[in-house]
Amino acid sequence: MRITNNSMNYNFLSSLNKSLEKITKIQAQLSDGKALHSPSDDPIKVVRSLRFSSSMTLNNQYTQNAEDALSWMNTSDNNMQDLSAIMISIKEQVIQASNGTNPQAAVQTIGDSIDNMINHMINIGNSQLGGRYIFAGQNDKVPPFTRNGDTITYVGDNEKISMQIHPGSADPSQDSVNLTGADVFGPNLKILNDLIDIKNHLMSGTEADQQWLSNTGLALIEDGHDKMLQSHTKLGTRMAMYDMAKTMLDNSNTIIAGDQSTNDDIDVAKGILDYKNAQNVYTTALQIGAKIMPMSLADFLR
C-alpha cells in the first residue's frame with residue numbers, strides 16, 4: 001500500500017486536532033469542575049444528571065412549600081396562644097365580678113375591660129402574613145372579622161389552604177396549614193357571641209346578672225376555651241408533621257446533591273494528570289510533525 005505525503009500530512013493534522021480538542025475539553029472541565037458539558041461527553045451520565053436536576057428542582061419546591069407552611073402555622077400558633085391567654089384573663093375577671101360582693105359600678109368596669117378584650121380578639125383574628133389574612137380561609141384578601149356594636153361578622157370562608165410537600169395531589173384534610181374563623185371562634189362565631197353576651201351581663205351588673213355569670217357565663221367561657229384549645233392542638237399536630245417533612249426534604253436535598261456531584265463533577269487529581277498527559281502528547285505530535293511536514297520557503301530563508 002502506497003502512502004503519499006498528502007496522506008501523512010492529513011493523518012498528522014487530524015491527530016493533532018484531536019489532541020488539541022482533548023486538551024481544550026480537559027481545560028473546560030478543570031475550569032468549572034464539571035465533567036459534563038455536552039451530551040456527547042457521556043450520554044448515560046447526561047441522562048442521569050437530568051434526572052437528578054429534575055428531582056432537585058421538585059424537592060426544592062416541596063422544601064419551599066414546607067417552609068411557607070411552617071411560617072403560616074407558626075404565625076397562627078402565636079396568635080392562638082394570645083387568644084388563649086385572653087380567654088384565661090376573661091375567665092379570671094368574670095370570676096372576680098361574679099363573687100356576689102362587688103358593687104354594680106365595679107362589675108360594669110369589668111364589663112368595659114371585657115369589651116376591650118373582645119376587640120383585641122377581633123384584631124388578632126384579622127392578623128396577616130404576607131398580605132394574607134391567616135384566619136380567613138381562602139378568602140384571605142380582606143379582613144375576615146368586623147364588629148358593629150354587638151354584631152360581629154365573619155366574611156371569610158371555611159375552606160382549607162394546602163401546601164403540597166409530596167408527589168400526588170394535596171389532601172386538604174391532612175395537608176391544611178390554616179385555621180378558619182369557625183376553627184378559632186366556633187361555628188357562627190359562637191365563642192365571640194357568648195363573650196358579647198357575658199359583656200352585656202357585666203354591663204348590667206345586677207345581682208341576677210352576677211348569678212348568671214357565676215353559673216352560665218363561666219361555663220360558656222370554659223367551653224369556648226376548650227374548643228379553642230382543640231383547634232390549637234390540631235394545628236400543633238400538623239406543625240409537627242410539616243416540621244418532620246421539612247427535615248426529610250432537607251436530607252433528600254443533601255443526598256440528591258451528593259449523587260449529582262458524584263455523577264457530574266470531575267476528579268480534579270485525575271483531570272490534572274490527564275491534562276499533563278494530553279499536553280505531552282500534543283507537544284510530541286508537534287515535534288514529529290515538524291519532521292514530516294514538507295519544507296516551506298521560510299525554511300530555506302533561514
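The values are calculated or read from the model by the stated rules, or taken from the named source; none is laboratory data. Bear in mind the structure is a predicted one, so any value in this text is a computation, not a measurement. Please note: Cβ atoms are built from the backbone with ideal geometry, for glycine as well, and neighbour counts cover all protein chains shown.
How many of the residues in the stretch 181-240 are touching a Lys or Arg at 6+ places or on another chain (Cβ under 9 Å) and not in a helix (DSSP H, G or I)?
Qualifying residue count for the region: 1.
Considering only residues that are of a type outside the set (Gly, Ala, Ser) and within 12 Å of Gly100 (Cα to Cα), which ones fall in the stretch 191-214?
Answer for the stretch 191-214, where residues must be of a type outside the set (Gly, Ala, Ser) and within 12 Å of Gly100 (Cα to Cα): Thr206, Glu207, Asp209, Gln210, Gln211, Trp212, Leu213.
What's the number of the only condition in (1) surrounded by fewer than 19 Cβ atoms within 10 Å (Cβ to Cβ); (2) within 23 Å of Thr146 (Cα to Cα) that Gly181 fails to meet?
It is condition (1) that Gly181 fails.
Report yes if some residue within the stretch 250-266 is farther than 30 Å from Ser113 by Cβ, acidic (Asp, Glu), at pLDDT 85 or above and exposed (fewer than 15 other Cβ atoms within 10 Å of the Cβ); otherwise report no.
Yes; the residues of the stretch 250-266 include at least one that is farther than 30 Å from Ser113 by Cβ, acidic (Asp, Glu), at pLDDT 85 or above and exposed (fewer than 15 other Cβ atoms within 10 Å of the Cβ).
Out of the residues in the stretch 107-135 meeting the condition of being under 38 Å from the mean Cα position of the chain (by Cα) and of a type in the set (S, T, N, Q), tell me which one is nearest to Asn79 (Cα to Cα).
Looking at the filtered set, the residue picked out is Ser127.
Of the residues Ala97, Ala136, which is buried (at least 16 other Cβ atoms within 10 Å of the Cβ) and under 16 Å from Lys160 (Cα atoms)?
Going through Ala97, Ala136 in turn, just one is buried (at least 16 other Cβ atoms within 10 Å of the Cβ) and under 16 Å from Lys160 (Cα atoms): Ala136.
Filter the stretch 86-127 down to the residues that are outside any helix (DSSP H, G or I) and at pLDDT below 95, then identify the one that is nearest to Leu192 (Cα to Cα).
Ranking the candidates gives Ser98 first.
Report, by residue number, each residue of the stretch 175-201 that is among the polar types (S, T, N, Q) and either free of Cβ contacts under 8 Å to residues at least 40 places away in the same chain or closer than 16 Å to His225 by Cβ (or both).
Asn188, Asn193, listed by residue number.
Quick one: in the stretch 202-249, which of the residues that are acidic (Asp, Glu) and surrounded by fewer than 17 Cβ atoms within 10 Å (Cβ to Cβ) is farthest from the chain's Cα centre (by Cα)?
Of everything passing the filter in the stretch 202-249, Glu207 is farthest from the chain's Cα centre (by Cα).
Identify, please: which residue in the stretch 55-66 is surrounded by 14 or more Cβ atoms within 10 Å (Cβ to Cβ) and of a type outside the set (S, T, N, Q) and is, among those, farthest from the chain's Cα centre (by Cα)?
Per the stated criteria, the residue is Met56.
Residues checked against (1) touching a Leu at 6+ places or on another chain (Cβ under 9 Å); (2) crowded, with 16+ Cβ neighbours inside 10 Å; (3) under 30 Å from Asn215 (Cβ atoms):
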{"residue": "Ser76", "(1), (2), (3)": "yes, yes, no"}
{"residue": "Ser89", "(1), (2), (3)": "no, no, yes"}
{"residue": "Asn102", "(1), (2), (3)": "no, yes, yes"}
{"residue": "Gly131", "(1), (2), (3)": "no, no, no"}
{"residue": "Phe145", "(1), (2), (3)": "yes, yes, yes"}
{"residue": "Asp157", "(1), (2), (3)": "no, no, no"}
{"residue": "Ile161", "(1), (2), (3)": "no, yes, no"}
{"residue": "Ser169", "(1), (2), (3)": "no, no, no"}
{"residue": "Asp175", "(1), (2), (3)": "no, yes, no"}
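Does the stretch 129-152 contain any residue that is hydrophobic (A, V, I, L, M, F, W, C) and in a helix (DSSP H, G or I)?
No, that holds for no residue.
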